[in-house]
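Heads up: the structure comes next, in structure tokens.
Nothing in this text is a laboratory measurement; each read-out follows from the coordinates by a stated rule. Predicted model, so just to flag it, every value in this text is computed and none were measured. Quick reminder, even Gly has a Cβ in these numbers, built from the backbone with ideal geometry, and neighbours come from all protein chains shown.
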């Protein structure tokens, strides 16, 4: 029997529709927290923070206060904007100091030392608490305490762990080494919880309660800041309370391009939003939409567009305060790059190596309200539980986003004090028409821009429903140069791609990211959730 076609609707989910508010997230209790914020008088921005905070508790395997948070939005008054709460490297983290410290750990020379995926030298300043606070204060109606209330309740009173999250939780059994880290996140300090097992994260709940009462200052200047700095320094790192106190939230201008009749908005560098825009522009230049949705030719041209965009993005995208970045998202750039694409798979390198970001874990949520606000909100500490460090008795696991830095002096993302690392996180906003807007995103390291490309093509070119667009089987271009396809892609498509010279590998659904999307079409709200995750869309 032939495998399923790429366009077969297989999850048996439907697009969810509502009138007053809608929340799409990767865990049902988190979606409910967002709806609760809306029902309590908040708007989509308040609901985004309530949902994100709840995910810190119910999906701690992919997000946390020790990480960063980003937002794209279309507000009720018609503005399209962004928020970036992303910390940089410690001021004392020079390449020489870090390379020397790592050389001792890796038993090599400083010249041969490499940035690891985890450990103390991958910890960067966390932006989450300041980002949440800025979101509700600048855009919302509720207090930060009101937005955090459901998360605190879940943490202190307990909740049953869902299946996909329970499986991801097992990473902590090997990652966490200190007693306080194991006690904070492992049952009896030994094991991950089983599906359905009720867990309480009391220390994390206490930290959230402190933030609710004292504001984000407690994380950047108070006792939590001291706990974070002490943890890092005890493990041989360079982060200080002064690094934390100096952190500020940014409001960059979104970058955008048109695709067909739609306008797509992404985050600018240091994020990989330009990669998604370049891929869309190249795909449009190549006429990818002229081929059938389930044809090998469609996948070929989209994948080739993605290859070139990755190559360029990984060569140029970095913290713009340190390097000038060319106009990767422009139509002119795409036209030149598209000339390199033929009928056979091109020999294009993935780009500059050593970013350690191919398979990172993240949570993304989307919210729309009846006022016209649509919000795409993404919160992560990079790979799973992050660096492996938990700050004292705060229950806050610290991110390993610094793993994307390089110790190579010529690398575009070379480590420098206060520099922000290359960031995979990219929430998205789409303007379909004057009164028709979507908030969306696809989680998962380098899958993110690839997921943006595929989801948008399914909706904008193939006229699929929101849920059909997320159910569709996916592909992803890998750092190895191979083209991975999801188990279930038809043999016809596989053979067609092989004839075009693609080096294929088949991967299970969990390797193809996790998406959420909501849409406000003339006041009618709709949403869809990732069938490869535990999530739901909740509305009222």
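Helix content alone sets the calculated 222 nm mean residue ellipticity of the chain: runs of n ≥ 4 DSSP H residues at -39500 (n - 2.57) each, divided across all residues, give -10500 deg cm²/dmol. Descending by average beta-carbon neighbour count within 10 Å, the peptides 369-377, 476-484 line up as 369-377, 476-484, the highest first. Eigenvalues of the alpha-carbon gyration tensor of the range 282-354, scaled by 5 and square-rooted, set the equivalent ellipsoid semi-axes at 25, 13, 10 angstrom, largest first. Measuring between their Cα centroids, the range 95-110 and the range 163-213 lie 31 Å from each other.
Annotation: peptides 85-91, 397-403, 189-195, ranked by per-residue average of other Cβ atoms within 10 Å with the highest first, follow the order 397-403, 85-91, 189-195.
For residue 495 and residue 339, the difference between the fully extended length at 0.36 nm per residue and the C-alpha to C-alpha distance is 53.6 nm. Would you mind pulling out the separation of the Cα centroids of the range 357-419 and the range 464-540, in Å? Each part's Cα centre sits 23 Å from the other's. The simple Förster model, with R0 at 35 Å and r as the Cβ-Cβ distance, assigns residue 100 and residue 143 a FRET efficiency of 0.15. Among 34-46, 429-441, the peptide with the highest mean count of other Cβ atoms within 10 Å heads the list, and the full ranking is 34-46, 429-441.
Past the 17 angstrom mark, what percentage of all C-alpha to C-alpha distances in the range 227-319 do you count? The calculated P(r) of the range 227-319 puts 64 percent of pairs beyond 17 Å. For residue 112, put the label point 7 Å out on the Cα→Cβ axis and report which residues of the range 388-421 keep their amide N under 18 Å from it. 407-409, by backbone N distance to the label point.
For the range 1-156, the ratio of Cα radius of gyration to the globular rule of thumb 2.2 N^0.38 Å stands at 1.39.
Restricting the calculation to Cα atoms, every distinct pair contributes to the Kirkwood radius of the range 412-540, found to be 16.3 Å.
Modelled spin labels at residue 508 and residue 292, positioned 7 Å past Cα toward Cβ, are 3.2 nm from each other. Working from Cα pairs under 8 Å separated by at least six residues, relative contact order for the chain is 26 percent. Mind grabbing the base-10 log of I(q)/I(0) for the range 220-377 at q = 0.09, 0.15 Å⁻¹? Debye formula, identical points on the C-alpha positions, no solvent, two decimal places. The calculated log intensity ratios at q = 0.09, 0.15 Å⁻¹ are -0.44, -0.96. Kirkwood hydrodynamic radius computed over the range 485-540 comes to 14.1 Å, based on all pairs of distinct alpha carbons. For the chain, the share of DSSP beta bridges that are antiparallel, to the nearest 5, is 90%. If you take the Cα centroid of the range 298-331 and the Cα centroid of the range 438-460, the two points sit 15 Å apart. Convex hull volume of the Cα atoms of the range 71-222, normalised per residue: 171 Å³.
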